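Colleague: Questions regarding the structure given below will be posed in turn.
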Amino acid sequence: MQIPRLHPDTIEEVKHRADVVDVVSEYVVLRKRGKDFVGLCPFHEEKSPSFTVSPSKQMYFCFGCQAGGNAIKFLMEVGKRQFTEVVLDLAKRYQVPIKTLEPEQRQELQRQLSLREQLYEVVASASQFYQHALRQSLGNRAMEYLHQRQIQAETIQQFGLGYAPAGWETLYRYLVENKRYPVQLVEKAGLIKPRKEGSGYYDVFRDRLMIPIRDVQGRVIAFGGRTLTDEQPKYLNSPETELFNKGKTLFALDLAKNGISQDDRAVVVEGYFDAIALHAAGIDNAVASLGTALSLEQVRLLLRYTDSKQLILNFDADKAGTNAAERAIGEIATLAYKGEVQLKILNLPNGKDADEYLHTHTATDYQQLLVNAPLWLDWQIQQTIQNKDLRQATEFQQVSQQLVKLLKNIVNSDTLNYYISYCAEILSLGDARLIPLRVENLLTQISPATVQPSSLRVRKQEPTTPKLSLITTERSLLEQAEALLLRVYLHCPPHRQEIIHELETRNLEFSLSHHRFLWQTISEFTVNESNLISSLQNIYLESGEELEFVSHLFHLSEKSKKEIIRTPQVIQASLACLERVFREKRYRHYLEMWEKTDPQLEPERWQSYYQAFYTEKMRLQELDKQRQFSFTELI
């Protein structure tokens with residue numbers, strides 16, 4: 001569903017009604033401390049609470065990991081959800097009327113939201129029906145099948161497994177005739193189909209073990225049905241609906257998202273029961289694809305929950321499993337070549353799938369296999385040379401050409417150097433004398449501009465430039481000075497005009513990109529804006545701009561309160577630091593030009609450069625005096 005942009009009035013009303021303590025307390029145990037509440041931060045591991053929630057400011061902040069924001073930001077971070085989605089959920093929860101920037105779209109938005117809510121209800125009713133049928137006598141065969149697969153009662157309950165009776169209209173009669181849902185609604189939910197001949201409808205799923213497919217929030221949106229007979233296909237998924245898009249959904253992600261975050265990696269298996277078996281064994285970072293190649297949307301959905309961007313594909317080790325792995329890689333290869341995802345491939349011993357493996361091995365055994373899983377390029381190289389006799393000229397040439405195709409796609413030069421050397425060793429067949437020749441042969445088949453032969457040899461250590469420490473110092477100086485100036489502007493409204501005046505008079509700008517973007521955003525508001533911090537956070541959240549580097553500026557710790565208590569001095573010291581960096585660059589430039597100029601040949605230019613660098617030097621000394629108070633640590 002394409003949701004139009006929400007009207008700012010709706011966003012502000014949601015912010016006004018959504019109490020941050022109420023929202024956060026559903027995820028964090030909060031204890032009163034003075035005017036605020038404290039608890040253990042949900043965004044990082046900690047033993048003593050550094051996570052603070054302020055009812056008066058309607059904001060939260062962690063002094064440990066710097067996470068902070070309002071109720072909307074909290075739900076976005078804790079659930080890895082989009083801004084509009086969170087606002088709509090909170091609007092429904094707090095009964096806020098929804099307005100959009102395009103009035104003509106409001107009615108259509110309300111209609112779509114209403115339809116989705118009705119579809120959620122219909123699909124949930126179907127899921128309850130299937131679960132009930134499984135526990136009746138007509139579900140005995142399905143229950144026996146689950147017992148044969150060693151699936152326990154608690155796992156059946158956890159995944160909401162059920163049974164679709166064999167009749168052609170059993171679910172139809174229950175939902176349409178008993179529950180009185182409109183037949184068109186049940187059809188849109190993907191549960192029934194119109195008969196091709198005559199009137200009436202028939203059930204999509206019949207005599208199948210039913211596996212609910214849920215969205216990230218845990219709401220049932222579709223089903224996978226496993227046949228209990230010889231009927232084909234063995235697995236049947238719901239058709240795509242308003243709720244269900246196969247290319248954007250992963251089975252068990254609602255149960256796995258916390259495990260993925262904690263373990264900092266995601267495991268993707270091929271089948272429903274592989275994922276179910278892994279969760280039953282306590283491996284709770286596993287999801288299953290839905291029978292198609294992984295899409296970029298599915299991969300990016302997974303990568304929201306892992307900082308290391310580690311993704312492990314665990315498909316069968318037989319030919320079908322290998323083909324499935326290569327098919328599943330699909331578009332991920334582009335991300336993997338760029339280093340945007342750390343892709344690994346796990347093939348289990350003896351061609352087993354995860355479910356079969358866990359029947360004879362422990363969860364610890366499986367976890368160790370995950371740790372040792374090879375990177376996908378290593379796996380791909382092994383697949384290329386498997387069962388190939390490199391002593392045969394034709395097979396050597398085929399393998400060499402396939403390896404070159406892989407190497408050509410590697411973007412990172414260090415990674416490319418490594419794999420060229422690795423492939424050269426393979427092609428040398430154990431003869432070290434041939435490795436340099438194989439390297440040269442590979443290089444001639446790869447773009448010469450991509451890798452130079454010299455980069456694959458040991459090079460002399462280049463001397464460290466003395467400018468490096470200077471650049472590092474300047475960066476630290478700028479980071480702290482600019483941050484302090486912005487913090488004063490945000491939290492001390494009476495001094496805003498002074499800061500604007502000084503920046504304009506001295507012709508100074510914020511150098512660091514995240515500070516520059518924040519300042520540009522601030523300039524869109526009036527100096528007297530009373531809800532400046534709240535408005536800025538809205539802009540960041542709605543635009544998708546990264547808040548990580550500036551969120552700490554929106555909050556005052558005890559240390560930062562002390563830093564800005566002497567506001568006029570802080571402003572002058574910060575400005576002096578900004579100007580000093582600017583003047584230092586000019587000073588070095590003029591000095592360099594003076595040293596390069598011959599006073600005998602160009603006396604006037606030589607004198608001009610001398611006067612210029614001397615003037616900058618004097619100004620630097622003045623600036624050093626201006627910043628000589630409690631914040632000399634900025635140097």
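The values are calculated or read from the model by the stated rules, or taken from the named source; none is laboratory data. Bear in mind that the values here come from a model prediction, so they are computed numbers and not experimental data. Glycine also receives a Cβ, built like all others from the backbone with ideal geometry; neighbour counts cover every protein chain displayed.
Colleague: Name the residues in segment 80-97 that are in contact with a strand residue (DSSP E or B) (Cβ under 7 Å, 6 or more places away or on another chain) and farther than 15 Å from VAL23 by Cα, would you?
Modeller: Passing the criteria: only THR84.
Colleague: Can you tell me which residues in segment 179-236 are touching a residue at least 24 places away in the same chain (Cβ under 8 Å), among the β-branched types (Val, Ile, Thr) and in a strand (DSSP E or B)?
Modeller: Once the filter is applied, which keeps residues that are touching a residue at least 24 places away in the same chain (Cβ under 8 Å), among the β-branched types (Val, Ile, Thr) and in a strand (DSSP E or B), segment 179-236 yields ILE211, ILE213, VAL220, ILE221.
Colleague: State which residue is surrounded by the most Cβ atoms within 10 Å (Cβ to Cβ) when the search covers only segment 270-280 and only residues that are touching a Ser or Thr at 6+ places or on another chain (Cβ under 8 Å) and under 20 Å from ASN237 (Cα atoms).
Modeller: Only one residue fits best here, namely ILE276.
Colleague: Please state which of the following conditions ALA252 fails to meet, knowing it meets all the rest: (1) in the same structural domain as PHE129 (by TED's automatic domain parsing); (2) out of contact with any Gly (no Cβ under 9 Å at 6 or more places or on another chain).
Modeller: Of (1) in the same structural domain as PHE129 (by TED's automatic domain parsing); (2) out of contact with any Gly (no Cβ under 9 Å at 6 or more places or on another chain), only one is false for ALA252: (1).
Colleague: If you don't mind, there's one more thing I want to ask. Checking LEU416 against (1) part of a helix (DSSP H, G or I); (2) surrounded by 17 or more Cβ atoms within 10 Å (Cβ to Cβ); (3) modelled with pLDDT under 85: exactly one of these is not met. Which one?
Modeller: The single condition LEU416 does not satisfy is (3).
Colleague: So which helices (runs of 4 or more DSSP H) stay within segment 1-113 end to end and still have 3 or more residues that are at pLDDT below 85, within 28 Å of the chain's Cα centre (by Cα) and among the aliphatic types (A, V, I, L, M)?
Modeller: none
Colleague: In the list GLY282, GLY247, which residue meets the criterion of being within 26 Å of GLU121 (Cβ to Cβ) and not β-branched (Val, Ile, Thr)? Talk me through it step by step, then tell me what you get.
Modeller: Values: GLY282 fails: within 26 Å of GLU121 (Cβ to Cβ).
After applying the criteria, what remains is GLY247.
Colleague: Among the listed residues GLN398, GLN402, GLN383, which satisfies the condition of being without any contact (Cβ under 8 Å) to a residue 12 or more places away in the chain, surrounded by 14 or more Cβ atoms within 10 Å (Cβ to Cβ) and outside any loop (DSSP other than H, G, I, E, B)?
Modeller: Within the list GLN398, GLN402, GLN383, the selection yields GLN398.
Colleague: Just checking, how many residues over segment 422-461 are at pLDDT 90 or above and surrounded by 13 or more Cβ atoms within 10 Å (Cβ to Cβ)? So that I can check it myself, show each step before the final result.
Modeller: To start, the set of residues in segment 422-461 that are at pLDDT 90 or above comprises 422-429.
After this cut, where a residue has to be surrounded by 13 or more Cβ atoms within 10 Å (Cβ to Cβ) as well, the list is 422-428.
Count: 7.
Colleague: Still on this structure, please answer the following. Restricting segment 41-67 to residues that are out of contact with any strand residue (DSSP E or B) (no Cβ under 6 Å at 6 or more places or on another chain) and of a type in the set (A, V, I, L, M, F, W, C), which is farthest from ASN531 (Cα to Cα)?
Modeller: Narrowing segment 41-67 to residues out of contact with any strand residue (DSSP E or B) (no Cβ under 6 Å at 6 or more places or on another chain): 42-48, 55-59, 63-67.
In the following step, the residues that additionally are of a type in the set (A, V, I, L, M, F, W, C) were identified as 43, 59, 63, 65, 67.
Numbers: PHE43: 26, MET59: 13, PHE63: 23, CYS65: 25, ALA67: 20 Å.
For segment 41-67, the residue satisfying everything is PHE43.
Colleague: Something else: Can you tell me which of ILE571, ILE499, ILE533, ILE565 is aliphatic (A, V, I, L, M), surrounded by fewer than 15 Cβ atoms within 10 Å (Cβ to Cβ) and in the same structural domain as GLN621 (by TED's automatic domain parsing)?
Modeller: Details: ILE571 fails: surrounded by fewer than 15 Cβ atoms within 10 Å (Cβ to Cβ); ILE499 fails: surrounded by fewer than 15 Cβ atoms within 10 Å (Cβ to Cβ); ILE533 fails: surrounded by fewer than 15 Cβ atoms within 10 Å (Cβ to Cβ).
Criteria check complete, one pass: ILE565.
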